[in-house]
Structure formats: C-alpha cells, structure tokens
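Everything below concerns the one structure shown next.
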Amino acid sequence: MTSGTEVELDAHEQQQRLLFQLLDRQVSVRALDALVAAIRPPASTIALEHTAIGIDANVFLRLGNHARVADIVDYLAERHLAPLILPGQAIQEFWNNQLQAVDTLTSGLKKKFDGVKADFSKVDKNFGDYATQIEGLLEKFSAEHGHVYEEGAVRKTLNLLEMLQKRAKVPFVHRLRFDVIAAQRKRTKTPPGFKDDGDGDFFIWADFLKGLLEARDEKQDFERVVLVSLDKKLDWSRAGIPHPILVAEVEALLAVPFEIWSIDDLAKQISDVA
C-alpha cells in the first residue's frame, strides 16, 4: 500500500524530472513562435483572477515600501484565488540584501546631510571641515546602528511577509541536481541570469516553475502566468516584454502565456478589478 508521503515524494520527483528535461532542452520549446509574439505581442484578455502570480526577489524586497502596498496585500490575501508563488531563492536574497532595500534611520539622515553639505558649499568654503566631521559621525553611526529600521517600513514589510506566509507557495528545486543546468545555460546565454555572475536568477526561475507545476498538480486553476519583477536586464525582458525563451518554456511546461509585470502594473490590474 502506498502512503500519502510516498505519493507526495513521487509527485515531487516527477516535477523535478520534468523541469530538468525542459531546462536542458530534452523537451522541445516553440522558440520561434515566442519570438514572433514578442515582436508583435497580442493583447491579453485573461482576467487577473485566473492569473498565477510569482514574486521576484527584487519585488519581495521593495513591495513593502510601495504606495499601494496595502491594496496589493489586501487583494492577494483575500481575493486572489489563483496560485501565489514566492520562489525559495527569493527568501535567501531578501535576507542577504534587506539592508539595501528598507530605508534605515541612517539612510534617511544621510539624505538630509547631503542637502546640508551642499548648502555649506554654497555659503562659505570654511564650513568644509564641519561637513567632513559630520560625515564621519554618520559613518560611525551607520556602522553601529544601521540595522535600526524606520518603524513604518518595518510594519509594512512585516504585513507583507505575514500575508505571504499564509498564502504563498514557496518551492525549491534540488540545488545540486540543477547546478549543472545553471552552468550550461549561462555558457549558452540562455535566460535568465546570464547577465549576472552568480546563478541566483536561474534558481528564481527554476523555483518559480517548480511552484507552477505543484499548483497544477494540486488542481489549482490558472490560465496565465505573471512574474512581478523590477529587473530590467535583457536576460529577463526588453521594454516590459519577457524574453521569448522564457515565454516558450512556460508554454511548453504549462500551455499558458507568460508575462512580466512591474509593481505598478500589478497595482493597476488590482485597481481595475476593485
């Protein structure tokens, strides 16, 4: 008799195997069709409620400070029934880069000081020594207390994290197994990630696709896939149009269209269905 755990492990292994075959081109993709569609993109008529949404690491880092964060969190938490996917790699990158993403007391003071320093230079060059001393004190403060976040930024980011904790699927592919694929794709300039030194973008993509496969196998309904991302590099998109290879991979894996949105795009879509 097969246990539930064994069935789950079998499904997990099947997803990994299928994804590996796709990313290694053991499964064919319709790259030329995707290229033609990228040059002349069709207008999408698929509703937001039927759209699987993924959150890229750069969005995960910055969404908490967006002007429409409350609306976005409310919609994703309560109204969006299609899959919501946070690639496991994004969590690692959030922790590694959080001090660059959330405004700190230090960064706020630094911005104000830059304005004061500019005023010093306009009035009298003799004030230069004071500016140097103040800058030194700010650097010391940053080293000792730069971890102190502004209260508002902390609260918004925590609300976002708690919503994702309840709603989002957080998939990981096998790192060692897929490492060879990451290296091969980088050598052949296969998106995403060939513009970067590391393999973080590749694993964002592989984790995201793994989450979509999990959602499909769990019978979650979706007719379109969207990755919300702020990445402007050509190994992801050009002028908001996703790289044709990424589109072709999603189509081959799931037979649905793929788009890349900014946070503003997502906020607008949510506003349109409000």
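The values are calculated or read from the model by the stated rules, or taken from the named source; none is laboratory data. Being a predicted model, the structure only gives us computed values, none of them experimental. Here the Cβ is made from the backbone with ideal geometry for all residues, glycine too, and neighbour counts use every protein chain on show.
Brief remarks follow.
- Candidates Glu214, Glu249, filtered to the one that is buried (at least 19 other Cβ atoms within 10 Å of the Cβ), among the charged types (D, E, K, R), part of a helix (DSSP H, G or I) and in contact (Cβ under 8 Å) with a residue 40 or more places away in the chain: Glu249
- Subset of segment 173-190 (residues that are charged (D, E, K, R) and touching a residue at least 60 places away in the same chain (Cβ under 8 Å)): Arg177, Arg185
- Selection within segment 172-202 - of a type in the set (Gly, Ala, Ser) and part of a loop (DSSP other than H, G, I, E, B): Gly193, Gly198
- Check on Leu230, in a helix (DSSP H, G or I) and assigned by TED's automatic domain parsing to the domain that holds Ala82: no
- Just one of the listed residues (Lys169, Lys210, Lys195) is modelled with pLDDT under 95 and among the basic types (Lys, Arg), namely Lys195.
- Single residue of Gly136, Gly146 found to be at pLDDT below 85 and either out of contact with any helix residue (DSSP H, G or I) (no Cβ under 6 Å at 6 or more places or on another chain) or basic (Lys, Arg) (or both): Gly136
- Matching residues in segment 152-201 - criterion: being surrounded by 19 or more Cβ atoms within 10 Å (Cβ to Cβ) and on the phi > 0 side of the Ramachandran plot: Gly193
- Test for Lys219: is it of a type outside the set (Val, Ile, Thr), in a loop (DSSP other than H, G, I, E, B), surrounded by fewer than 21 Cβ atoms within 10 Å (Cβ to Cβ) and more than 19 Å from the chain's Cα centre (by Cα): yes
- Residue check for Leu266: crowded, with 22+ Cβ neighbours inside 10 Å and either more than 25 Å from Asp10 (Cα to Cα) or outside the structural domain of Leu84 (by TED's automatic domain parsing) (or both): yes
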